[in-house]
Each structure stands twice: as structure tokens, then as C-alpha cells.
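Structure, as C-alpha cells:
The values are calculated or read from the model by the stated rules, or taken from the named source; none is laboratory data. Please read these numbers as outputs of a predicted model, since none were measured by experiment. Here the Cβ positions follow ideal geometry from the backbone for every residue, glycine too, while neighbour counts run over all protein chains shown. SASA here: full protein model, heavy atoms, side chains in, ligands and nucleic acids out. Shrake-Rupley method; radii C 1.70, N 1.55, O 1.52, S 1.80 Å.
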Amino acid sequence: VKAVALDPRNDFDVDQALIKKDVQNLIQLSVTRLLDTTNPSLSTIKMQVFFDMNYASRAELLSEQHRAVEGKLAPAVRDITDSHPHIQELQSMYQKIISYVLLSSGLGSPPDTEVIREVTAGLQSVFPQREMITFISLSKKNKEQQLKNLAKLVTGIRLYNKECGKGGSSIADLPAILNESILSATQTVDERLNTCHRVAYQYTALLESTQEDQHRYARLSSFKLKEALFHVRQYEAFLCILLSDAITSAQEVEKMNVQFAATMEQLKNTVQNKVSIDTKEVFPLFIALSNLWSGFQDELLLLSFLTNMTNNLQQFSEIHSQLFPEEMLTSLLEGVTVKSDEERIRETMGTRVNVSDFKNREWLFPEMTDDFDQLLIQYHGFCAHAIGVKGLTLPGNPAIGILKHKERCYVFSSKEAAYTFAQDPDKFIQLNIEKAKEHAELILLLELCHQFEYFAPFEQARNAGKRWIKPTRQCDSSTQTDTHILPPTIVTSYEWNEWELRRKAIKLANLRRKLTQAMQTDLSHMRRENSTQVYLPKDVGTQTKRDNSSNVPRPQIFLQGLRGGSSPATRMVKVDLTRPVDEN
């Protein structure tokens, strides 16, 4: 309805409310266009809507897949983590853990008894049943984490056993399957992309011949031929996106194959001929094997998605082959030179815009732009002049020069087209917008969503924030940053500790009792003011004890007459020879 309302040939004013007659006319035109099965424009819009609603990037698709898997496993996880079984029910709980490990790994069929036996043996080797008592005492979050670790460990053990020929017969050889699938997917996309290129080159050459000699192609509808060209170009753009994703998957698979082989070899060297093995050595290797295998499973899902998208897009590309069969094109192209996009670019590689011919225009060239090859070019890289003037999607050659106008970059198919466009860019930009109103499919093909915001809500939401990338210019520059640009706002006097505030209050109270004195001499008079503050010293002495001493005389006694003598009786005489102290 919006496409019909925008088409200037239908004379609708989209800025005013429609009266009843206009509404009926709009309905009739929309229904007529929807029922036209020979309209390439309608097929292009259907293809754009299908791709916009169904395509998802690698990150989005894998994130959605992981959420879906977690949602399917959530009841089993809740059944294990929310229950608090008795001792008699531990066996039943252990069986539930085995079922969870089997389902989360995705290796083998769950009803297969051989698969159940392998999972049980692997789980018992890293988580014996006697540890169930410790498991049920954990918190819910820790239980969930341990369940994930157990699932990865058991998966790694089963993959190692398969490598050693000790089981794993039900495990598919994902690396080999992926190599075949990638080869098949890239070949399919390549073949259809080559067909698109060939048809687009033929349509372009035919339209150029029609504009030069209209009488020769009087019976040919150039309007439908342009719609068919836009259809093929849009199909080509979608196939390029799918091919890029397939190449990315091939690179990821090749990288994971090398890592998987290296991890398996390291595990063999660690485990071989050993009776006892440190879990700190082998458990990380088992988990690494499991993570790599999950990566293989993700890539298989991505390839399946890309294959389905490629097959579903094929149904929209049949309309142009019905309108312009191969035999018809061959007869119309007799004597017409069909050039490929690469040939057109090679023809203009020697030409280049002379910047001095333009005063107020900015041109970008490889030697002056750092990311020249990665600039976001307007109109999907097509010539900005040929779209509005000729109605053709000719490839632009960046080597001629990229015009930067109002922060947007434009390329051109020839030097003449660049000069013409640069004379009045706004005029030709408006011509391109009017051409997009006539052919609504150009809005998405030429990435004109910023001009028609209501046309592509999903596309705009997906690419919000990364649609316009300014080119990085090369120049010499220097900068200097101040250490502190703003004045500090730290309150140094702030104290959060009430005890520190109490200490300061006591200190201020003590200062009130201190004596402050000031003095001034004749020599310092009229020079400056002097002030001092002192704490008056106090000379105080105390005595805690007294030292004293005393002396006594040394007694000395002499006894006479003890030896006897002439007298028969012994007479003893005692003489005191002790002297006073002061005589010493």
C-alpha cells in the first residue's frame, strides 16, 4: 500500500488525509498490483520481505538456538535442582542426571541402550553415585553449574573413547559432514550467483542498447526490463550475504578442526598407559573437546539455515526467466556487447577526478584515506548518477574518486558521470529518490531507508548505529591533556569518623585555654606585623625517695695471759682496742 501511495504515477498526496474516493482507488490499485503475477517488482518486494523477516546473523541465530536448547532442558534441570530427595531416592535422582547429560550433549539417540550405557559409564567415572549426598547439599546455582560441567566432561570422555575405538558408534562424524555440507552449499550459491551475474549483465547491456536505439526494441517493455534488472540485482545481493556467511563458516570449521585434533592428541599423550591420572590435567581437556564439538554442532545448524535460505530465495527468482526467456535474450542481444561489472571497472581504472576542477567538493582517494576500501558507499556501491538519469544499476569504480557530500560517500561508473553529479549533487540525489518512488524495491536495494524510514523497520532496527561510518582522514596532529581539567571538589575538612570529630573538638577546647602573645620592636615597626603563639614552659621538679647511709666501728679485742706464766694461776686481761668511727 505504501509503495502504491508513493508512486507518483498514481497521484496520491501522502502528506494529506485521503478522502473516501482516494481510499477506494488506493485499495483497487493495491489489489491489482498484488494479483499481477507477471510483475517483477512485486516478486522483488516479496523476496525483500522474506529475507528481512527470516535472515539472522551468526550471533543472532546461535543465541536463539542456545536459548531454545536451554528452554527444552529447563524442566529437566528444575526437576534435579529443586528437589531434595531422601537417601532412598538418590538412585532415581542419579538416573535423572544421566538423562540430562544425554539430552544436553546431543550425541546419539536417547532411547538407544548402548548410548545410555556409555553415558552412565562416563558419568560414574567422574561423578560416582556416592557423591550424590554432597550434590544435594549444594545451592541451586551451584547444582546448575555442576550439571553443565558434568555434561561437558561426559561428552569429552565419549568423544575420546570414540577416537580410541572404545565406543561412540552412534556419534556422527561432524567434521566430515561439515566439510561436505560447506562444499555443497558454497557450490550451490556460487552457481546461482554466476547465473545472476550473467543475467544482470545481459539486462544492463539490453537497456543501454534500448536507450540508444528505441526503434529496434519497440516491442520490448523497458519498464519491466528495469524491474527485472532490479530483481536480479537484489537476488545477487542476498546471495552474496549468504555466500559470505558460508565462507565464514568454512573458516571457523577449519580452525576448529585444527584445535580439535591438537586437543585430542594432547589428551592421548596425557592419558596413555597411566593407571592414575590427575583430574586437573585431563578435565580441562575433556571440557575443551566438548566445547569444540558444540562449535561443530553450531556450524552445522548455520549451514542448514543458509541452505534453507538459498533454496527459499530460489522461488522468487523465477519471474524474470518467465518474462525474458533465454532464447528471447539471445535474439535481442545479437550485435550487442555484454560487459561484466569487472570489465566496466577495468575500462575506467585509468581515469580519475581532478580535484582542482572543484572548489567546494571533497573527494576521497586511497592515498589520503586510511580505510578507503571499507567506506560505506551509498546506493549499495552503484553509480549515483546512472540510477536517477538512466535507471540502471551500474557498478561504481572507487578509483575514479569518491565524492563526500553531506557526510555521505558516492561512487560513479565514469569520470563524466562523476563530474555531472558533482555539479549539483542534491539534484541527482532527489532524482534517485523519485526513481525509488516509481520502483519501491529500490528503497532496500539502494539502502535508502534513511529517506523512507517507515519502509524497513526490521532492517533499520538491525543496523541501527552502524549504518553510516565516517571515513578516517590521514593527517598529522598532536594533543595535550591537562592533568586536572576541573578544579578539585574534595572537601579536605570532611570527617566521617565521629571519634575524629570528637578529638578535634577537644583540641579546639584546649586552645581556648592557651595564652597568645604578640610583640613588636622598634626595628620591625612599620615593616610588618609579627605574632607568635607559645605554650608556656613549666619547670617542675619532684623527688620520690631519699638516699642515706651509715657506718659502725670495727670491734677489736685483745686477751692477755692465756698462755700462762710464772704464776701457777692463769690471769687473763681483756683489752678493748676498738677505735671510734671518726678516727678513721
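The coefficient of translational diffusion for the stretch 1-147, derived via Stokes-Einstein from the alpha carbon Kirkwood radius under 37 °C and 0.692 mPa s, stands at 156 µm²/s. How high is the FRET efficiency between Gln251 and Val31 when r is their beta carbon distance and R₀ equals 56 Å, given to the nearest 0.05? Efficiency for this residue pair is about 0.70. Straight-line reach from Lys545: taking Cα to Cα under 13 Å and skipping same-chain neighbours fewer than 8 places apart, no aspartates and glutamates fall in range.
In whole percent, and with a 1.4 Å probe on the protein chains, what portion of the accessible area of the chain is carbon and sulfur?
52
Using the Cβ-Cβ distance between Ala74 and Asn269 with R0 = 41 Å, the FRET efficiency computed as 1/(1 + (r/R0)^6) comes to roughly 0.60.
Annotation: the antiparallel percentage among DSSP beta bridges lying fully within the chain is about 95.
Between Ala56 and Arg571, the distance separating the two model label sites (each 7 Å from Cα on the Cα→Cβ line) works out to 14.8 nm.
Over every Cα atom in the stretch 19-66, the radius of gyration and the widest Cα-Cα span, Dmax, amount to 17.3, 52 Å. For the chain, the longest principal axis of the alpha carbon atoms and the long axis of helix 40-54 meet at an angle near 20°.
Can you compute the helix-only [θ] at 222 nm over the chain? Use -39500 (n - 2.57) per DSSP H run of at least 4 residues, normalise by all residues, nearest 500 deg cm²/dmol.
-18000 deg cm²/dmol
Distance between the modelled labels on Val336 and Leu18, one decimal in nanometres: 3.6 nm (7 Å Cα→Cβ projection).
For the pair the stretch 1-68 and the stretch 199-238, the centres of their Cα atoms are 23 angstrom apart. Rounded to two decimals, the Cα-based Rg/Rh of the stretch 73-141, with Kirkwood Rh, is 0.96. How far, in degrees from 0 to 90, does helix 279-314 lean away from the longest principal axis of the Cα atoms of the chain, to the nearest 10? Long axis of 279-314 versus the principal axis of the chain: about 20 degrees. Taken per residue, the accessible surface of the chain reaches 64 Å², heavy atoms only and a 1.4 Å probe. The slack in the chain from Ser549 to Glu367, taken as 0.36 nm per residue of separation less the alpha-carbon distance, amounts to 54.7 nm.
With the convex hull drawn over the C-alpha atoms of the chain, the volume per residue is 620 Å³. Extent along the principal axes, Cα only, for the stretch 341-464: 40, 31, 31 Å, with the longest axis given first. Rounded to the nearest angstrom and listed largest first, the equivalent-ellipsoid semi-axes of the stretch 174-333 from its Cα gyration tensor are 54, 11, 10.
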